[in-house]
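Report on the structure given below.
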Amino acid sequence: MNHPPRSDSHEPRKSLVSRASSLLTFLIVAGLAIVMSIPAIELMNRRERSHCTAYVKAPEGITLIAHAGGGLKQGDYSNSEEALDQSLAYGFRLFELDFNWTDDGNLAIGHDWKGEYRYWNNLGWANWIASFYTAPSSRRYEASTPRFGLTRLSLEALIYWLRNNPGRIVTDFKTGNLEGLALIASHAKELQHRFVPQIYAMSEYSAARELGYDDIILTTYRLSPGAEIFRQIDALDLFAVTVPAAVVADAAGIISNNRIFTHTINAPVTLPAVGYYTDCLIPAETPDGT
C-alpha cells in the first residue's frame, strides 16, 4: 500500500529555532552597542567640575549664596547636609539647593538625574544604565548610596536641619516650580519664611506670592534678558534679581529698584552685583565679625 509522502515535521521547528536565535543575536548586539556607546556619551557630556581645594574670602560687602549647598573638595553640586554644615561654619546664611522630581512624582534634592546623580551616588549597573534614559523611582533613588560618606537631603531632613540651624534656603526647581513651592509650604508650615523661592518668569510672581512667600528671587538664566525684560522685572518687589555674570553689567545699568545677584563666581572679583552664588568663596566676615 502506497502512502503519501509526509512533510518533515522538524522543519517548522528548525525554522522557529533559527528565528529565535537570530532575534537573540540581534538583541545581544543591540544591547552591547548601547552599553558601549554610553561611556562615549558620558565623556562628551562631562563638564569641568569645581573642586574647592581652597576657600577664598569674597570682597567685603558681598552677600554670598552657597551654590548647591556649597562646594566641597570632592566637587560642586553635592546638595548634601555636609555641604550645608560646612557653608554654615564659614558664615553663610543663604544656601541654594536644587530640587528635582523622581519618576513617580516625589520630591528629591539634587541637580539632575544624569551627570550629578551618577557622580554623587553609587548606583548599581542597571540603575546606572537606566539613568541615561529616565529619572529613578523613589525606591531606586533611596536604594542608591551617596558617595564620599555624604548625607543625602530630603525635604523632611532639610526642614529638620533648619529647625536646628540659622539661615535660609534658596530654591532651584528644575521642573514643576510652583508645584514644588506649594509642597514646601505645606510641609514647612511656620518655617516657610526660611525659604526664598526662585522663580523663572514674571508670570510665576503672583502665584508664588499667593502661596505665602514674601521674599522672592527672579532668576533669569532660563530667559534671554534684555533691556525691556530688565525694566519689567525691576517693576516687581523682589528679594533680588539674579542674572548671569555675562550680562550683569547690562542689568546694573537698568535695574535700580531691586538688588542684583549673579552666578556662579568662584574668584574674589568685583562685579556690579551685591550678591554672588558661589562654590568656593566664603564671606569676608563671619557673623561674629571676625
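Worth pointing out:
- Where N is the number of residues in the range 183-290, Cα Rg divided by 2.2 N^0.38 Å: 1.15
- Sorting 139, 152 by solvent-accessible area of protein heavy atoms yields 139, 152, largest first, with a 1.4 Å probe.
- Sorted largest first by accessible area at a 1.4 angstrom probe radius, with every protein chain in place, the residues 148, 239 fall in the order 148, 239.
- Accessible surface ranking that places the most exposed of 129, 229 first, with a 1.4 angstrom probe: 229, 129
- With each label modelled as a point 7 angstrom along the Cα→C-beta vector, the residue 223-residue 284 pair spans 2.9 nm.
- For the range 226-231, 3J(HN,Hα) computed residue by residue from phi via the Karplus equation (6.51, -1.76, 1.60; θ = phi - 60°) reads x, 4, 5, 4, 4, 5 Hz, glycine and proline entered as x.
- Solvent-accessible surface of the range 196-253, averaged per residue with a 1.4 angstrom probe and all protein chains in place: 43 square angstrom.
- Extended-chain gain in nm, criterion 0.36 nm per residue less alpha-carbon gap, residue 182 and residue 214: 10.1 nm
- Extension gain (nm, one decimal) between residue 160 and residue 73, 0.36 nm per residue minus Cα-Cα: 28.8 nm
- Note on the range 131-290: dipole from Cβ charges, positive end direction compared against 249, 271, 180; the farthest Cα belongs to 180.
- Counted by Cβ distance under 14 Å from residue 165, the other residues give a net charge of +1, where Lys and Arg count +1 and Asp and Glu count -1.
The values are calculated or read from the model by the stated rules, or taken from the named source; none is laboratory data. Owing to the predicted nature of the structure, the values given are computational and were not obtained by experimental measurement. Note that each Cβ is placed from the backbone with ideal geometry, even for glycine, and that neighbours are counted across all protein chains shown. What goes into the accessible areas is simple: the full protein's heavy atoms, side chains included, and nothing from ligands, DNA or RNA. Shrake-Rupley method; radii C 1.70, N 1.55, O 1.52, S 1.80 Å.
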